[in-house]
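Visitor: Below is a structure I'd like to ask you about.
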Amino acid sequence: RRRSISTPFSTFYTILALWVGGTLLVSLVKVHADPAGLVNLKPRHLFFGRYLTFFLLGQIQAAIVVIGDIHLLHSQVLEPGLFYLVAVLASFTFTLLIYSLAISFGDLGKALAVVVMVLQIAGSSGTFPIEMLPQVYQNIYIFFPCPYAINAMRETVAGMYGSAYITNLAQLMIFVVAALVIGLVTHWTTSSGI
């Protein structure tokens with residue numbers, strides 16, 4: 001029997017892998033759907049229809065990362081089902097947000113996703129407590145999704161503390177709403193001629 005190891009950075013690198021995967025998806029897969037030959041299309045049809053590809057690929061990635069964490073790295077996870085749920089919701093949030101940025105702003109949106117990733121690596125409180133980081137990160141980290149996903153995942157690794165798990169997932173879901181606003185409003189205004 002293999003020993004489980006407690007890896008304090010496993011949550012950080014798991015969430016980071018999901019963000020990087022979403023960023024790579026918009027570079028490898030075309031974000032704009034081709035409406036040629038389709039009738040009675042609305043902008044939301046194109047938006048959600050194309051996003052399904054990104055959603056499915058993101059969920060496959062989430063499953064692979066979680067299986068790798070638990071069965072290959074033997075990371076200590078007290079709540080494997082809830083650990084997987086965080087990965088599923090984080091992947092959904094990240095792919096939707098990155099897809100919305102890419103479809104709304106093109107290459108600039110893809111570059112913005114990379115910039116956000118770099119800022120989150122340094123300032124998501126994944127490697128050091130946020131209180132130990134420079135003041136600039138303490139001021140901006142609440143505006144990024146990774147800290148909430150990392151904190152929710154930590155609850156499943158080290159044990160639950162009150163309602164911290166649910167609270168962090170609820171805060172993560174705020175970024176889903178933001179992504180839908182960015183994507184649908186911008187896509188609606190640019191595709192209004194369809």
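The values are calculated or read from the model by the stated rules, or taken from the named source; none is laboratory data. Here the structure is a predicted model, which is why all the values come from computation and not from measurement. Reconstructed Cβ throughout: ideal geometry from the backbone, glycine too, with neighbour counts over all protein chains shown. When the accessible area is computed, the model is the full protein with side chains, heavy atoms only, and any ligands, DNA or RNA have been set aside. Shrake-Rupley method; radii C 1.70, N 1.55, O 1.52, S 1.80 Å.
Visitor: Here are a few candidate values for Rg/Rh (Cα atoms, Kirkwood Rh): [x] 1.01; [y] 0.95; [z] 1.66. Which one was actually calculated from the structure I just gave you?
Guide: Step by step, Rg/Rh (Cα atoms, Kirkwood Rh) for this structure corresponds to label [x].
Visitor: Still on this structure, please answer the following. Could you work out the local net charge near VAL31, counting Lys and Arg as +1, Asp and Glu as -1, over the other residues with Cβ closer than 11 Å to its Cβ?
Guide: Details: positive: LYS30, ARG50, LYS110; negative: ASP107.
That sum, taken over residues with Cβ under 11 Å, equals +2.
Visitor: Could you work out how far helix 43-67 tilts from the main Cα principal axis of the chain, as a 0 to 90 degree angle to the nearest 10?
Guide: With both axes taken from Cα atoms, the answer is about 20 degrees.
Visitor: Send over the semi-axes of segment 74-143's equivalent ellipsoid, whole angstrom and largest first, taken as the square roots of 5 times the C-alpha gyration tensor eigenvalues. Could the numbers behind the result be given before it?
Guide: Numbers: eigenvalues 118, 88, 15 Å².
Semi-axis lengths for segment 74-143 are 24, 21, 9 Å.
Visitor: Per residue of the chain, what 222 nm ellipticity follows from adding -39500 (n - 2.57) for every DSSP H run with n ≥ 4, rounded to the nearest 500? Spell out each step's value before the answer.
Guide: Values: 8 runs with 128 residues, N = 194.
That comes out to -22000 deg cm²/dmol.
Visitor: Another one. Within the chain, which is the longest segment that contains none of the trypsin sites (Lys or Arg not before Pro) sitting in a DSSP loop with at most 16 other Cβ atoms within 10 Å?
Guide: Values: sites that count: ARG1, ARG2, ARG3, LYS30.
Counting at most 16 other Cβ atoms within 10 Å as exposed, the longest clean stretch of the chain is 31-194.
Visitor: Which whole-number percentage describes the relative contact order of segment 10-82, with Cα contacts under 8 Å and a sequence gap of 6 or more? If you can, show how the numbers build up before the last one.
Guide: Values: 28 pairs, mean separation 28.9, N = 73.
Here the relative contact order equals 40 percent.
Visitor: Note the angle between two axes, namely the Cα long axis of helix 146-158 and the longest principal axis of the Cα atoms of the chain, as a number of degrees from 0 to 90, rounded to the nearest 10.
Guide: Long axis of 146-158 versus the principal axis of the chain: about 40 degrees.
Visitor: Follow-up. Rounded to a whole number, what % of the accessible area of segment 1-121 do carbon and sulfur atoms account for, probe 1.4 Å?
Guide: On the way: 4400 of 6390 Å².
Carbon and sulfur together cover 69 percent of it.
Visitor: Round to the nearest 10 and give me the degree value, 0 to 90, for the angle of helix 80-105's Cα axis relative to the longest principal axis of the chain.
Guide: Computed tilt is about 30 degrees.
Visitor: Same structure, new question: Would you mind getting the accessible area per residue of segment 18-81, heavy atoms of the protein chains only, 1.4 Å probe, in Å²?
Guide: Values: 3660 Å² over 64 residues.
I get 57 Å² per residue for this part.
Visitor: Suppose all protein chains stay in the model; what accessible area per residue would a 1.4 Å probe give for segment 95-184, in Å²?
Guide: On the way: 4140 Å² over 90 residues.
Accessible area per residue, segment 95-184: 46 Å².
Visitor: Something else: Out of GLN76, GLN135, GLN171, any idea which swings most in a Gaussian network model of the chain, alpha carbons joined below 10 Å?
Guide: GLN135
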